[in-house]
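Engineer: Below is the structure I would like to discuss, written out as structure tokens.
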Amino acid sequence: MSDIITFNTETQAFGQPIFKCSGYGLGAMVAKMQEPKVLEIGCDIGDTTQFLLDSNPHLTLTGVDPYVNYVDWNGNNLNEREVVYERFTKRMSGYKNRFALIREYSDDAAERLLDNFFDVIFIDGLHEYDQLTKDCANYYSKLKEGGVFAGHDYNAIPGVRQAADEFAAKVGKTIQITESDVWYWIK
Ligand SMILES: C[S@@+](CC[C@H](N)C(=O)[O-])C[C@H]1O[C@@H](n2cnc3c(N)ncnc32)[C@H](O)[C@@H]1O
């Protein structure tokens with residue numbers, strides 16, 4: 001698959017109010033928080049990143065994404081990642097110290113981040129069962145008690161649903177689904 005579809009979302013985000021990004025379901029939650037610290041795993045062209053930053057002027061966001069070509073869960077090739085990275089960094093440039101990118105795979109970036117630090121974690125990286133299982137295990141400790149642990153594509157991707165269900169059961173939580181197919185629970 002080419003990245004043309006991804007670029008179209010950028011156009012939609014700027015031009016059409018009906019567009020709902022992957023993290024749309026978190027907008028109302030973060031809008032009510034006091035100076036929330038958000039972690040987004042998998043930023044791509046930045047639709048959710050920008051949406052969350054614009055949802056609360058006191059929100060700060062850390063993104064984790066290697067911007068390396070990859071094969072998605074459905075076998076699609078995601079290429080031209082360097083071009084996406086350049087467009088993403090340009091798009092984020094106005095947010096200055098409210099935004100930081102760790103350009104690494106989520107497995108590696110986890111080591112750099114503090115425990116009990118984030119108010120919201122949104123997992124939207126590699127949508128494979130094994131990777132989401134690892135992301136849940138590696139990042140849950142980074143979330144404060146009372147924080148929102150969330151991810152995208154619960155109904156759309158069977159491996160995501162299975163991994164999220166299994167991890168929720170492991171930590172004794174019940175998954176809730178909100179707009180734009182976002183799964184979440186409160187820690
Ligand atoms: C579906 S896109 C993210 C969409 C974005 N959250 C949005 O709302 O527009 C998935 C992203 O995950 C990134 N990715 C793939 N494997 C990853 C990994 N192991 N760790 C972190 N990010 C990864 C890809 O580079 C891609 O940008």
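Engineer: How many of the residues in the stretch 95-116 are surrounded by fewer than 21 Cβ atoms within 10 Å (Cβ to Cβ), outside any helix (DSSP H, G or I) and within 16 Å of the chain's Cα centre (by Cα)?
Structural biologist: 7
Engineer: Considering each residue of the stretch 130-158, count those that are under 23 Å from Ile45 (Cα atoms) and surrounded by fewer than 17 Cβ atoms within 10 Å (Cβ to Cβ), and give that number.
Structural biologist: Within the stretch 130-158, residues that are under 23 Å from Ile45 (Cα atoms) and surrounded by fewer than 17 Cβ atoms within 10 Å (Cβ to Cβ) number 2.
Engineer: While we're looking at this one, here's another question. When you look at Asn138, is it free of Cβ contacts under 8 Å to residues at least 24 places away in the same chain, within 11 Å of the ligand (Cβ to nearest atom) and in contact with a helix residue (DSSP H, G or I) (Cβ under 8 Å, 6 or more places away or on another chain), yes or no?
Structural biologist: It is false that Asn138 is free of Cβ contacts under 8 Å to residues at least 24 places away in the same chain, within 11 Å of the ligand (Cβ to nearest atom) and in contact with a helix residue (DSSP H, G or I) (Cβ under 8 Å, 6 or more places away or on another chain).
Engineer: May I pose another question? Going through the stretch 65-94 one residue at a time, which ones are part of a strand (DSSP E or B) and either in contact with a Phe, Trp or Tyr (Cβ under 8 Å, 6 or more places away or on another chain) or more than 8 Å from the ligand (Cβ to nearest atom) (or both)? Before you say what the answer is, go through the steps one by one.
Structural biologist: Residues of the stretch 65-94 part of a strand (DSSP E or B): 70-71, 77-78.
Passing the criteria: Val71, Asn77, Leu78.
Engineer: A follow-up question, please. Could you please find all residues in the stretch 27-49 being more than 9 Å from the ligand (Cβ to nearest atom) and more than 20 Å from Asn138 (Cβ to Cβ)?
Structural biologist: Gly27, Ala28, Met29, Val30, Ala31, Lys32, Met33, Gln34, Glu35, Pro36
Engineer: Within the stretch 105-122, restricting attention to residues that are within 9 Å of the ligand (Cβ to nearest atom) and hydrophobic (A, V, I, L, M, F, W, C), which residue is farthest from Ile41 (Cα to Cα)?
Structural biologist: Ala109
Engineer: If His58 satisfies all but one of (1) surrounded by 13 or more Cβ atoms within 10 Å (Cβ to Cβ); (2) in contact with an Asp or Glu (Cβ under 8 Å, 6 or more places away or on another chain); (3) under 23 Å from Ala150 (Cα atoms), what's the number of the condition it fails?
Structural biologist: Against the list (1) surrounded by 13 or more Cβ atoms within 10 Å (Cβ to Cβ); (2) in contact with an Asp or Glu (Cβ under 8 Å, 6 or more places away or on another chain); (3) under 23 Å from Ala150 (Cα atoms), His58 comes up short only on (1).
Engineer: Can you list residue pairs whose Cβ atoms sit under 9 Å apart, with the first residue in the stretch 165-176 being of a type in the set (Gly, Ala, Ser) and the second being not in a helix (DSSP H, G or I)? Count only pairs 6 or more apart in sequence or on different chains.
Structural biologist: Correct list of pairs: Ala168/Phe149; Ala168/Thr174; Ala168/Ile175; Ala168/Trp183; Ala168/Trp185.
Engineer: Output the number of the condition that Arg161 fails; it satisfies all remaining conditions of (1) surrounded by fewer than 17 Cβ atoms within 10 Å (Cβ to Cβ); (2) assigned to a helix (DSSP H, G or I).
Structural biologist: The single condition Arg161 does not satisfy is (1).
Throughout, read-outs are computed from the coordinates displayed, never taken from laboratory work. Quick caveat, the model's predicted, so the values are computed rather than measured. As a convention, Cβ positions derive from the backbone with ideal geometry for all residues, glycine included, and neighbour counts pool all protein chains shown.
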